[in-house]
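Notes follow once the structure below has been shown.
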Amino acid sequence: MPAPWNRNRLTEKLGIDYPIIQGLLGGLSSQRLTAAVSNFGGLGSFGAHGLAPEAIKDVIAQIRSLTSKPFAMNLWVSMEDEGARTSDESGFNRSLAPLAVHLAALGAPRPAYKPYSPARFEDQARVLLDANVPAFSFIYGVPPREILDECRAKSIVTIGTATTPDEAAVLQDAGVNAIVASGFEAGGHRGSFLLSAEDSLTGTFSLVPQIVDIVDVPVIAAGGIGDARGVVAALALGADGVQLGTAFLACEESGASPVHREALRGKAAGHTALTRGFTGRLARGIHNRLMEELNRNGTEILPYPLQRGVVRNLSIAAEAGGRADLLPLWAGQSAGLSTCTDVSAFCNSLVEDVAQIAGPVIQWSANQGGKHSYS
């Protein structure tokens with residue numbers, strides 16, 4: 001008899017009941033959402049790359065006050081792009097120009113230029129190591145060997161992210177415990193690190209089996225998975241688990257604003273596109289006026305994270321004014337499937353639907369004696 005669909009080497013490694021990972025969500029993470037997913041039996045995650053070390057320490061303490069179950073903290077290995085340290089006030093003003101009219105219309109003050117103050121991945125990672133978090137996930141590269149060695153010594157599960165098979169091979173060689181195969185359907189930033197993001201746009205259906213075939217560690221499918229059908233499809237491709245981001249972003253417990261959550265449940269969510277205009281790095285969101293304006297030829301886009309800081313000034317004002325057309329509305333290509341309002345209800349419905357669909361598929365695989373039993 002094949003094992004139940006929700007029990008496999010990934011769930012055993014992480015100590016969870018279901019191979020369902022909550023996406024990273026970056027600045028839209030929340031302690032409530034992370035804990036809710038973990039309490040259900042999945043792996044809640046918190047994207048902490050934009051936080052100072054002391055703030056990360058506080059977040060970890062808050063999550064632990066809400067759950068005793070395993071959770072993951074996520075960081076970006078690459079914290080800045082070329083040119084971030086040399087960009088000057090004139091570049092800031094050119095990048096601000098297309099946003100200035102919107103800031104004025106919303107009654108927001110024109111932001112003043114501030115010299116770039118870099119953050120260090122190593123300083124953030126030290127907090128995770130000292131706190132002995134259950135799982136440490138990361139994108140945009142591979143942490144230094146000494147950090148991964150300390151994770152192994154402390155039994156911290158490491159989860160790297162690959163957008164190409166070559167990136168997956170590098171992650172396996174580094175000794176990570178699991179690999180997220182992030183297809184180009186995914187919302188937000190995917191974390192390409194060997195080639196440019198534009199040259200790493202492989203879809204989930206193509207990427208997952210290619211990575212499964214070349215690595216020995218558990219593979220987690222991500223990108224365009226929004227309901228039980230996507231979960232079963234990922235398992236059929238050989239994945240050991242799935243990572244859902246946009247589906248959880250729509251939940252009330254997420255850190256997304258009411259304006260953002262409403263947009264995810266609206267008709268516009270069916271039209272997403274890629275842009276560097278929101279942060280300086282290629283990312284996917286709902287196509288809106290802001291994206292269209294920032295994607296125009298000739299628009300000055302600062303290196304990451306400077307562009308992110310400039311746009312953030314408008315985001316605060318647009319959110320307060322209920323202007324979804326002027327917000328970065330992070331979303332994947334399956335945003336139109338987003339129905340979540342309550343995490344627990346969504347997770348219960350998801351696992352029930354997966355069991356109903358997966359049962360016949362697992363039995364068929366067992367009868368065929370196929371390579372994957374989806375266990």
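The values are calculated or read from the model by the stated rules, or taken from the named source; none is laboratory data. Predicted model only: the values in this text are computed from it and were never measured. No Cβ is skipped: glycine too gets one built from the backbone with ideal geometry, and neighbour counts run over all protein chains shown. The protein model used for the area step is the full one, side chains on, heavy atoms only, and it has no ligands, DNA or RNA in it. Shrake-Rupley method; radii C 1.70, N 1.55, O 1.52, S 1.80 Å.
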Expected sort for 349-356, 31-38, 170-177 on mean C-beta neighbours within 10 Å, highest first, is 31-38, 170-177, 349-356
The correct ranking of Y140, Y113 by accessible area at 1.4 Å, largest first, is Y113, Y140
Result for the chain, cysteines with no Cys Cβ partner under 4.7 Å, is C151, C347
With only helices counted (DSSP H, runs n ≥ 4, each -39500 (n - 2.57)), the per-residue ellipticity at 222 nm for the chain, to the nearest 500, works out to -12500 deg cm²/dmol
Taking 120-130, 281-291, 19-29 and ranking on average Cβ neighbours within 10 Å, highest first, one gets 19-29, 281-291, 120-130
Sorted on mean Cβ neighbours within 10 Å (highest first), peptides 306-317, 88-99 come out as 306-317, 88-99
Expressed as a whole-number percentage, the relative contact order of the chain with C-alpha contacts under 8 angstrom and at least six residues apart is 19
From most to least accessible, 1.4 Å probe, no ligand or DNA/RNA atoms counted, S117, S68 line up as S68, S117
